[in-house]
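Chemist: One structure, as structure tokens, below. Some questions next.
The values are calculated or read from the model by the stated rules, or taken from the named source; none is laboratory data. Fair warning: this is a prediction, and the values are worked out from it, not measured in the lab. Note: ideal-geometry Cβ built from the backbone for every residue, glycine included; neighbour counts use all protein chains shown.
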Amino acid sequence: MTDAPTAVRKAPLRDIVAYATGDGAASIVMNTIFGFSMMYYTKALGLDTRLAGIAMAVAVVWDAVVDPVMGHISDNTRSRFGRRHPYMLIGGVMTVVCSYAIWAVPSFFQTPHLLFWYLVGINLLLRAGAAVFLVPHGALGFEICTDYNQRSTLQGIRNGFNMAVNLGASLLVWNVFLRNRGDIDGTTIPANYQRMGLAFALVALVFVLIVVFATRKYIVDTRGNPEIGGNSLDAIARNLRDILFDPYPRTVFIFMAILFVSVVLVTSLQMFIYVDYMRFAKWEASVVHCSTMVCAALGALSSAAMVRRLDKKSAIVVAIVASSVGNIMLLVVFYTGWVPVGLSWGSVPVAMVLFMVFHGLYHLFTNAATAIANSMMADVSEISHYRTGVLKDGGYSAMMLFVFKMGIAVGLLLCGYCMKWIGYDPQAPQNAPEAIRNLMPMAFLGGTIIALIAVVSMIRYPVNRAYMAEIRSAMTEGRKSAE
């Protein structure tokens, strides 16, 4: 028995939305940890910043190793409950429990030495659980629908749901969980983080249960599947080598890696631009930042319409060019001094509105390009299945996660060097005006150049709607001949 699709299949919208809740679980857990765990362990619990950074870095390295291995294991699982759902349930519950443990540190471990090792251990368990959940979840998305256009719809709704949950969680963190208590800074109170961790863990658990049980009709018994191989180290190594040297996904991998270097450079520096260059008030910075999440969600949702009209490669080119226009307009409007920082018209903060519009344009189209690239990975995995007769959706999903994380890591490294190069010190009480001024071109011109380089890497990508139709026609003829 094979679990390969026998025809183009479209999934009902309710199934796609149910699938997207898995990204909601990942978003509320991982984005909260990325955004606030460093603050919690250093400001509230007193851990040295260097030790906290080391603990996080160790987890990233571990994460990079686990993802590809988990992809191979998921692809080569024989089970009456299929290749994906058992891992999604186990990994999802493990992720939820470990996410709460990040915030609920037992008093026994609250000494500098033990706290470091506690953070390392829980982070390793958390990343392992996340890999067990996210890699099969990504592969399931390839298999829920096989329609060329609807794959973009699925990835768009998935990314949009992720951003919506991220926005809601961020608003709750600042306005509910980390509120000050009288004169006490709310970010220094451990109990605030513990309540947040419990609430978000419960929400994440609900999302995990929804995605596992609402998509159970896509479970296929794989116990008798002749395509399934072994999970030896040699088999895992061969599988990863085959995926890396496959020219079709390699193009998408290169594009995504370069694009996320650009994204990290822009998003890491944008917070400093809000405060130091634009001199936004707190409420203005909050409005602008939340608007980027809304635009990112809208971009993800609009990606399917772009694909229907332009096809995938052309849609990505248009999206990156449009996002670059947003960045360049910020330079033209504010870096040149054409619109003064702080300009208002009566009670309308004109400078803030213009910044929000053009910066939102960048996030809208960048996230649209990301969603389209994710749908491309489902296409190239299907092509590989046709050529080799072996389903590797889990392997391709895992490698996409690996590339995504490596792009983020390189982007963070580049960001640090760029800030050093322009003479900007985040810990200085006052930076030189020239260093602050240089933040704008470093973020918006540098980010644009890197994103355009990413687009150039897509020029030779050969897969389009007609190519996929030919592949599926050949698959259908092959099955008829076999019968």
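Chemist: Can you pull out the residues in segment 141-184 that are within 22 Å of S286 (Cα to Cα) and of a type in the set (S, T, N, Q)?
Modeler: N159, N162, N166, S170, N175, N180
Chemist: Take the residues of segment 109-164 that are charged (D, E, K, R) and within 26 Å of T366 (Cβ to Cβ): which is surrounded by the most Cβ atoms within 10 Å (Cβ to Cβ)? Outline the logic, then answer.
Modeler: First pass over segment 109-164, keeping only residues charged (D, E, K, R): 127, 143, 147, 151, 158.
Subset that is within 26 Å of T366 (Cβ to Cβ): 127, 147, 151, 158.
On the way: R127: 24, D147: 14, R151: 28, R158: 24.
Of everything passing the filter in segment 109-164, R151 is surrounded by the most Cβ atoms within 10 Å (Cβ to Cβ).
Chemist: Still on this structure: Right, I184: surrounded by fewer than 16 Cβ atoms within 10 Å (Cβ to Cβ), of a type outside the set (D, E) and in the same structural domain as V97 (by TED's automatic domain parsing) or not?
Modeler: Values: surrounded by fewer than 16 Cβ atoms within 10 Å (Cβ to Cβ): yes; of a type outside the set (D, E): yes; in the same structural domain as V97 (by TED's automatic domain parsing): yes.
Taking the combined requirement at face value, the residue satisfies it.
Chemist: Given the residues T95, T32, T42, which is the only one that is polar (S, T, N, Q), modelled with pLDDT of 95 or more and part of a helix (DSSP H, G or I)? Before you say what the answer is, go through the steps one by one.
Modeler: Working: T32 fails: modelled with pLDDT of 95 or more; T42 fails: modelled with pLDDT of 95 or more.
The match here is T95.
Chemist: Name the single residue, out of those in segment 428-446 being of a type outside the set (A, V, I, L, M) and closer than 20 Å to G411 by Cα, that is farthest from the chain's Cα centre (by Cα). Explain how you work it out, then say what you get.
Modeler: Within segment 428-446, the subset of a type outside the set (A, V, I, L, M) is 429-431, 433-434, 437-438, 441, 444, 446.
From what is left, the residues that are closer than 20 Å to G411 by Cα are 438, 441, 444, 446.
Working: N438: 28, P441: 25, F444: 21, G446: 21 Å.
That would be N438.
Okay, residues lined up against (1) in contact (Cβ under 8 Å) with a residue 40 or more places away in the chain; (2) of a type in the set (F, W, Y); (3) buried (at least 20 other Cβ atoms within 10 Å of the Cβ):
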site	(1), (2), (3)
I422	no, no, no
D425	no, no, no
P429	no, no, no
P433	no, no, no
P441	yes, no, no
G447	yes, no, yes
L452	yes, no, no
V456	no, no, no
R460	yes, no, no
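Chemist: Since R50 meets every condition but one in (1) crowded, with 21+ Cβ neighbours inside 10 Å; (2) part of a helix (DSSP H, G or I); (3) charged (D, E, K, R), which condition does it not meet?
Modeler: Single failed check for R50: (1).
Chemist: Name the residue, out of R241, R179, R223, that is surrounded by fewer than 16 Cβ atoms within 10 Å (Cβ to Cβ), of a type in the set (K, R) and in a helix (DSSP H, G or I). It would help to see each step written out before you state the result.
Modeler: On the way: R179 fails: in a helix (DSSP H, G or I); R223 fails: in a helix (DSSP H, G or I).
From the options R241, R179, R223, the qualifying one is R241.
Chemist: Please state which of the following conditions L391 fails to meet, knowing it meets all the rest: (1) in contact (Cβ under 8 Å) with a residue 12 or more places away in the chain; (2) more than 26 Å from the chain's Cα centre (by Cα); (3) in a loop (DSSP other than H, G, I, E, B).
Modeler: Unmet for L391, out of (1) in contact (Cβ under 8 Å) with a residue 12 or more places away in the chain; (2) more than 26 Å from the chain's Cα centre (by Cα); (3) in a loop (DSSP other than H, G, I, E, B): (2).
Chemist: Checking L331 against (1) out of contact with any Leu (no Cβ under 8 Å at 6 or more places or on another chain); (2) aliphatic (A, V, I, L, M); (3) in a helix (DSSP H, G or I); (4) closer than 16 Å to I273 by Cα, which test does it fail?
Modeler: The number of the failed condition is (1).
Chemist: Oh, and also: State all residues of segment 263-292 that are out of contact with any Phe, Trp or Tyr (no Cβ under 9 Å at 6 or more places or on another chain), without any contact (Cβ under 8 Å) to a residue 60 or more places away in the chain and among the hydrophobic types (A, V, I, L, M, F, W, C); if no residue qualifies, say none.
Modeler: Within segment 263-292, M271, V275, A281, W283 meet the criteria.
Chemist: Is it the case, given these coordinates, that A371 is touching a helix residue (DSSP H, G or I) at 6+ places or on another chain (Cβ under 6 Å), aliphatic (A, V, I, L, M), assigned by TED's automatic domain parsing to the domain that holds I254 and buried (at least 24 other Cβ atoms within 10 Å of the Cβ)?
Modeler: Numbers: touching a helix residue (DSSP H, G or I) at 6+ places or on another chain (Cβ under 6 Å): yes; aliphatic (A, V, I, L, M): yes; assigned by TED's automatic domain parsing to the domain that holds I254: yes; buried (at least 24 other Cβ atoms within 10 Å of the Cβ): yes.
Yes, satisfied.
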